[in-house]
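Here the structure is laid out as structure tokens; the discussion comes afterwards.
No value in this document is a laboratory result; all are computed from the given coordinates. Everything numeric in this text was worked out from a predicted model, so none of it was measured. As a convention, Cβ positions derive from the backbone with ideal geometry for all residues, glycine included, and neighbour counts pool all protein chains shown.
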Amino acid sequence: MQTDLKQFLECFPQEPHYYANAGHVFYDIMNWIQENRPKSKPNIIMPAYIPAKLYRFILAAGYKPKFYDVSTELDFSVDEIRSLIDDQTQMVFAIHYFGIPVDLDPLKQLTQEQDLFLFEDCAHTLNGSWQGKTLGTTGDFAIFSIRKMLQLHCGGFLMLNKQPWPFQPSRTKKVSNFFTGYHIVGSRIKYSLNRLSRGRNLFQKISIPEIGYIDFNEKQTVTVKRMDRLSQWYLSKSKLSTLIEKRRENVRFLWNHIRDLETFAPIGFDRLSEINNTVRHSNSHSDSEIHNSQPAESSADQKYQLINGYVPFSLPILTLAGTREFIQKELLNCGIMCYIGWSEAPFGMKECRKAEQLQSRLLELPVHHYINQYQLDTMADCLNGMKL
Ligand SMILES: Cc1ncc(COP(=O)(O)O)c(C=O)c1O
């Protein structure tokens, strides 16, 4: 894995284009394609499991989405995607959900055969790879969301791996530095207090986040904005390898503490984990204190490790039907706020049965780099002690 931003960016043929967020890039690319290769009723082949925000941007760009189903392993069927393509299709869109890499080679082949573009959504990962290939280098275009992966209020970028026509971002406005500074300071104070209070939620200031929505009667509009200088400076100063390793450590810790529970399953675990013979040398819960030095003596000493290249955004788990909201509330009562993916998707499309499972059963455990050991212990204890 590359160690810093510069090295990571060297994996791509061009410099990044910075935007206020990744969604704005997507909107810009759709417009750019239509301007240069217009179709009367353009469509885009999309996964059915997406946030309402992306749906709104598709409508704002004048495209029609044609949805393919997404499995509970966050994977897709190439045959289904092939069957959706018609003469108005401009692009196929694929997501590395929550940082779990998906193999895009078959889609790359399909889109090349059909003279379509492949859009690779890396909003949930940064400097990840799959089978040695950096995520974001397979698609013709790739988006990254700095605001998500660095816990900022703003920031995303575009990597153009293919540029059939001259490209100029259509950004008209810029996010204000003041706005970004205010949010950076506020969130950093919150994280520090959380650490000092040993994970206690001092002000009880967290709540279940609102669910995204889309009003199909409304005309959708987007103002494309540029990333502010403060976020760009913050990005250039951030040590990616440290942030990434912390996220990976958090997932590793949770895997090893909740893995055997029968009430839910971490998604992607079988593909992304490998077992190492490791032993704990102290009473601490911290996985940073696990050493690989001695062979394990029993299976209880065996610890799961993450495969190289997996850079998580959150840790998605698949709960048993009808239990997700209860688990979410119990964790909230312990001071841990969990998202539930996008329960607005698949937007009433009954044929997307697998995405419906995700809609009702997926829960995201937070593993970002500001999650501290107290919070990890709390999550593990709460999930282990839960009576469903
Ligand atoms: C899968 C996915 N792609 C893209 C985006 C857009 O990212 P941003 O929030 O930076 O616009 C989001 C955000 O909601 C997302 O979840």
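Quick one: what does P(r) look like for the chain with 20 Å bins over all Cα pairs, in whole %?
27, 59, 14, 0
Taking every DSSP beta bridge with both residues inside the stretch 78-189, roughly what % is antiparallel (nearest 5)?
40 percent
How far is helix 240-258 tilted off the main Cα axis of the chain, in degrees rounded to 10, range 0 to 90?
60 degrees
Assuming a ≥ b ≥ c are the square roots of the Cα gyration tensor eigenvalues, decide whether the stretch 17-79 counts as rounded (a/c under 1.5), prolate (otherwise, with a/b larger than b/c) or oblate.
The shape class here is oblate.
To the nearest 0.05, how large is the calculated FRET efficiency for residue 374 and residue 275 if R₀ is 22 Å and r is the Cβ-Cβ distance?
0.20
With both bridge residues required to lie in the chain, what share of the DSSP beta bridges run antiparallel, to the nearest 5%?
The antiparallel proportion sits near 55 percent.
Modelled label-to-label distance, residue 360 and residue 176, 7 Å Cα→beta-carbon offset: nm?
Placing both labels 7 Å along Cα→Cβ, they lie 4.5 nm apart.
How much mean residue ellipticity at 222 nm does the chain get from its helices, if each DSSP H run of length 4 or more adds -39500 (n - 2.57) and you divide by all residues, to the nearest 500 deg cm²/dmol?
-10000 deg cm²/dmol, from helical runs alone.
What distance in nm separates the simple spin-label points at residue 77 and residue 198, each placed 7 Å from Cα in the Cβ direction?
5.3 nm
What number, in percent, do you get for the relative contact order of the chain if the mean sequence gap of Cα pairs under 8 Å and at least 6 apart is divided by its residue count? Before the final figure, lay out the partial values.
On the way: 713 pairs, mean separation 82.3, N = 388.
Reported relative contact order: 21 percent.
For the stretch 124-132, take each phi angle, set θ = phi - 60°, evaluate the Karplus expression 6.51 cos²θ - 1.76 cosθ + 1.60, and give the result in whole Hz per residue in order, putting x for glycine and proline.
These are the phi-based 3J(HN,Hα) values: 9, 7, 7, 6, x, 8, 9, 6, x Hz.
Roughly speaking, what is the stretch gain from residue 10 to residue 387, that is 0.36 nm per residue apart minus the C-alpha to C-alpha distance, in nm to one decimal?
130.8 nm
Using the count of nearby Cβ atoms within 10 Å as a rough guide to exposure, how do 130, 165, 255 rank from fewest to most?
165, 255, 130
Can you give me the Rg/Rh ratio for the stretch 91-243, using Cα atoms for both radii and the Kirkwood formula for Rh?
Rg/Rh for the stretch 91-243 comes to 1.02.
Label residue 221 and residue 241 with points 7 Å out from Cα along Cα→Cβ: what is the distance between them in nm?
My value for the distance between the label points is 4.8 nm.
Would you order 215, 377, 4 from fewest to most other beta-carbon atoms within 10 Å of each residue's own beta-carbon?
With the fewest neighbours first, 215, 377, 4 line up as 215, 4, 377.
Taking the Cα centre of the chain as origin, sum charge times position over the Cβ atoms of Lys and Arg (+1) and Asp and Glu (-1), and report the length of that vector in debye to the nearest 20.
1560 debye
Taking springs between alpha-carbon atoms closer than 10 angstrom, which of 272, 254, 196 fluctuates most in the Gaussian network model of the chain?
196
Relative contact order of the stretch 101-184: what whole-number percent is it, with Cα pairs under 8 angstrom and at least 6 residues apart? Spell out each step's value before the answer.
Numbers: 107 pairs, mean separation 19.0, N = 84.
Rounded, it is 23 percent for the stretch 101-184.
In what order do 56, 247 fall by count of nearby beta-carbon atoms within 10 Å, going from fewest to most?
Result, fewest neighbours first: 56, 247.
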